[in-house]
Every structure is written in structure tokens, then in C-alpha cells.
Amino acid sequence: MAKILCVLYPDPVTGYPPVYARDSIPSLGNYPDGQTLPTPSAIDFTPGHLLGCVSGELGLRTFLEAEGHELIVTSDKDGPDSVFERELPDADVVISQPFWPAYLTAERIAKAPKLKLALTAGIGSDHTDLDAAINAGITVAEVTYCNSISVAEHAVMQILALVRNFLPSHEWVASGGWNIADSVERAYDLEGMDVGVIAAGRIGQAVLRRLAPFGVRLHYFDTRRLPIDIENELGLTFHPDVESLVRSVDIVDIHAPLHPQTYHMFDADLINSMRRGSYIVNTARAEIVVRDEIVKALQSGQLAGYAGDVWYPQPPAVDHPWRTMPHEAMTPHVSGTTLSAQARYAAGTREILEDFFAGNDIRDEYLIVRGGELAGTGAKSYTAGGAASPGSA
Ligand code: NAD
């Protein structure tokens with residue numbers, strides 16, 4: 001019998017369950033690269049329902065309690081008096097979502113001697129100190145691919161929202177106006193622009209594919225170059241480093257994991273080397289950019305716009321400057337937690353738990369850390385040793 005500590009975002013303020021806008025979600029085949037969708041033995045939830053909040057419980061309670069395990073679900077995750085910190089010392093498994101991350105710092109890992117599995121219900125395990133997990137022999141796993149397309153769609157939406165000046169135009173009409181000149185004084189066509197993607201992994205490649213029909217010139221930088229047939233198919237220009245990429249484009253779209261190589265990559269020097277009036281869209285991780293340099297660049301006009309859905313910390317303070325900086329099109333961290341994505345990562349979380357409790361191998365593509373080293377997807381996307389630990393910025 002194991003104790004599973006699960007941190008989820010709070011229920012809707014209007015109550016749970018919500019009134020659903022649609023009756024079903026599409027059923028998909030495999031992921032674009034052929035990877036199969038999650039394969040749990042069964043699910044106890046309705047796909048399309050709200051599963052990522054506390055009352056949704058990721059649809060896990062029936063399954064876990066039937067197996068004799070204890071499930072604790074909370075949204076109270078920060079500070080020494082939080083439920084998370086109180087329950088952690090005898091937890092065997094921690095489950096957390098990047099949207100409402102339970103920061104699993106080295107200090108917290110040291111207080112959790114029984115912890116064997118840190119499971120990300122989503123993608124991106126930087127809220128866990130990977131070096132500390134490696135040293136403690138904890139397995140870190142995430143539901144690779146579960147929301148990659150969800151994020152790609154959000155990034156394309158935010159690119160268009162910035163370039164077309166969508167949000168200010170909407171605000172004019174919603175407040176009773178018809179201010180066409182005010183709406184279009186910062187509006188452009190995307191067509192013909194140079195767009196650069198940083199990290200052409202699952203999300204980055206999906207963005208490149210979705211943008212190709214817009215008649216843009218596509219560029220990318222990744223530490224692992226794509227096969228030449230994909231570059232030719234999409235007409236991609238590869239850049240050997242980020243400096244070369246940002247100098248060559250009008251829009252930078254970031255999809256790299258957060259690790260020492262990407263931490264604070266967008267500092268004043270890099271931002272000031274961009275074309276005046278560039279846009280940045282960042283749905284990867286907030287700490288890839290220097291928070292206050294983004295604000296300064298928007299105020300000076302060096303950047304024409306910044307959008308994304310990732311902040312640090314999460315949730316951010318009410319006076320976080322990104323809430324009020326000019327020319328932003330920010331959302332809370334929602335791109336990867338659509339109802340469609342939740343069905344996939346809830347099923348993937350159950351698949352990982354089933355394998356973990358049965359002593360079977362967890363799918364290699366789900367692994368970030370195993371057996372004291374980076375493994376699976378983690379070995380391709382992260383670096384160990386001196387990782388920027390959660391809470392370090
Ligand atoms: P992925 O593993 O498929 O791709 C990651 C890519 O990053 C790989 O191609 C890798 O070579 C590249 N990379 C690693 N280090 C790099 C560096 N220093 N410079 C350039 N490229 C580098 O992952 P994915 O599914 O595409 O997700 C990418 C990231 O997006 C996640 O790690 C996570 O942080 C973020 N994400 C955000 C949300 C959200 O809701 N906003 C959801 C899912 C993932």
C-alpha cells in the first residue's frame with residue numbers, strides 16, 4: 001500500500017463540475033510520430049471532463065483505492081505550513097502538473113525519504129530538482145506528447161494575437177467602441193515574416209508544420225539538428241546557435257525545456273541583438289527569459305509584443321510585472337491543460353502508475369530520470385549537474 005500525494009489546481013470559482021460546452025472530444029489515433037496514446041488497462045473518467053483540478057482528481061481515486069493505496073489531493077502546495085509539505089515526509093509518489101507545480105526542491109526531497117516516483121501529469125519536469133532526484137534514486141516520469149499539440153496550437157494563436165493586435169482590438173469593441181485606427185496602428189500581416197523556433201522537438205516541430213501554410217520564412221535552432229528531409233519539406237533554415245537565429249527573424253517562438261543551457265537565455269544582450277519590433281512567444285518556461293528585461297524591451301519598443309502562458313513562480317504574485325506590461329498577450333498556464341489534453345495525461349498518469357505498482361518498466365519515452373541518471377526523453381532534453389533548481393530565480 002502506497003501513499004500518493006497529488007497536487008492539482010483549485011476547482012473553478014463557479015463550482016465543480018462545470019457545465020460543459022461540448023458533449024464529447026474527438027478520439028485520436030497515434031501521435032504524429034507514431035507513438036501510441038496512453039494505454040492504461042482502464043479509465044474511470046469521462047474524456048472531456050475537467051480532471052486537472054482538485055475535484056477532478058485526474059480520475060485516479062477509484063483505481064488507486066481499489067488497489068488499497070491512499071490518495072491525497074490538494075492544491076495547497078507552497079510554504080512550510082502547506083498540506084503538500086505536511087504530507088510529503090511519508091509519501092511514496094508525488095503527482096503534480098506544471099500548470100500548478102508542486103516545486104520539488106532539494107530541501108523537500110531531503111524531507112521525503114520514502115519518495116520513489118515524481119510523476120508529472122503533463123510535460124516538463126523542471127519543477128523537480130532533477131539533480132536531487134538523481135542523487136536520491138527517485139524516478140521522474142512525465143506523459144510525453146500528451147499536450148504537445150495543445151501547446152503548439154496555443155503558440156500559433158499567440159503569434160497571431162500579437163502580430164494582428166487582436167486583444168486591443170477586441171477590447172475596443174467590447175467596451176462599446178469602433179476605433180479602427182486605434183486597433184490597426186500596431187496590426188500587421190504574418191505573411192512574409194521570418195519566424196524562428198527555438199527547439200524543434202515535439203511542440204516546436206508541430207508549430208513549424210502549422211505555420212508553413214502562412215507563407216512565412218521558417219527558421220529554427222535546436223541542439224539536435226532535424227533530418228534533412230524535414231528541413232527540405234518545410235523549407236527550414238537551420239541556425240547553429242540562438243544568436244544567429246534571433247538576428248534573422250521577426251518572431252521568436254520558444255519551445256526548449258528549462259535546464260542550465262536555457263536558463264535566462266534571453267538576457268538584455270540577446271534581446272537587444274534582435275530586430276527592433278520583434279515579437280517573442282514563450283510557452284516553454286518563464287525562466288528561459290529574464291523577467292524584467294522583457295518588461296524593459298516592451299517599454300522601449302525593442303520588442304513589439306510578448307505572449308506566453310508560463311510564469312515564475314506559479315501562481316505569480318498579483319503585482320507580477322507581466323500582468324501589466326505593455327503589448328502583452330499573456331494567459332495563465334493553460335495551453336497544455338485543455339479538456340482534450342487532460343484526458344490524455346490523466347490516462348497516461350494511470351498507465352505510469354499501473355506499471356510502477358506492477359513493477360513493470362515505465363515506457364522509455366515517459367522517463368526523465370531513472371536509476372540515478374537521466375533516462376529516456378530526459379536524456380535527450382535535459383542536462384544534469386548544476387541544474388537551475390526550482391526556486392532559484
Ligand atoms: P521534446 O522533448 O519533444 O523537445 C525538446 C527539444 O528541445 C528537443 O528537440 C531538444 O533537442 C531541444 N533542446 C534541449 N535543449 C536545448 C537547448 N539548449 N537549445 C535548443 N534546443 C534544445 O519536448 P516538447 O514536448 O516539445 O516540450 C518542450 C518543452 O515545452 C517542455 O520541456 C516544457 O518545458 C514545455 N511545455 C509547456 C507546456 C505548457 O503547457 N505551456 C506543455 C508541455 C510542454
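The values are calculated or read from the model by the stated rules, or taken from the named source; none is laboratory data. What you see is a predicted model, and the numbers here were worked out from it, not measured in a lab. As a convention, Cβ positions derive from the backbone with ideal geometry for all residues, glycine included, and neighbour counts pool all protein chains shown. To get the accessible areas, we keep the full protein, side chains included, count just its heavy atoms, and leave off ligands, DNA and RNA. Shrake-Rupley method; radii C 1.70, N 1.55, O 1.52, S 1.80 Å.
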*So Q158 clears everything in (1) part of a helix (DSSP H, G or I); (2) free of Cβ contacts under 8 Å to residues at least 60 places away in the same chain except one condition, right? Which one?*
(2)
*Specify the residue that is surrounded by the most Cβ atoms within 10 Å (Cβ to Cβ); the eligible residues are those in region 212-242 that are more than 12 Å from the ligand (Cβ to nearest atom) and of a type in the set (D, E).*
E231
_Residue count, region 275-284 (criterion: away from the ligand (no atom under 14 Å from the Cβ) and in contact with an Asp or Glu (Cβ under 9 Å, 6 or more places away or on another chain))_ = 5
*Being open to solvent by less than 10 Å² (accessible area, probe 1.4 Å) and under 12 Å from L236 (Cα atoms) is the filter here, so list the residues in region 192-203 that pass it.*
V195, G196, V197, A200
*Quickly run through region 133-155 and pick out the residues that are crowded, with 20+ Cβ neighbours inside 10 Å, more than 16 Å from the ligand (Cβ to nearest atom) and assigned to a helix (DSSP H, G or I).*
I134
_Pairs, first buried (at least 19 other Cβ atoms within 10 Å of the Cβ) in region 36-64, second basic (K, R) and modelled with pLDDT of 95 or more, C-beta under 7 Å, six or more apart_ = P38/R344; L60/R350; F63/R350
_Residues that are in contact with a Leu (Cβ under 6 Å, 6 or more places away or on another chain) and surrounded by 16 or more Cβ atoms within 10 Å (Cβ to Cβ), drawn from region 311-327_ = M325, H327
*Of the residues in region 243-276, how many are surrounded by 21 or more Cβ atoms within 10 Å (Cβ to Cβ) and over 30 Å from H127 (Cα atoms)?*
1
*asked:* Condition (residue is open to solvent by 40 Å² or more (accessible area, probe 1.4 Å), within 16 Å of the ligand (Cβ to nearest atom) and of a type outside the set (D, E, K, R)) applied to region 285-302: is it met by at least one residue?
replied: no
_Which listed residue is out of contact with any His (no Cβ under 8 Å at 6 or more places or on another chain), more than 9 Å from the ligand (Cβ to nearest atom) and at negative phi, from M265, M193_ = M193
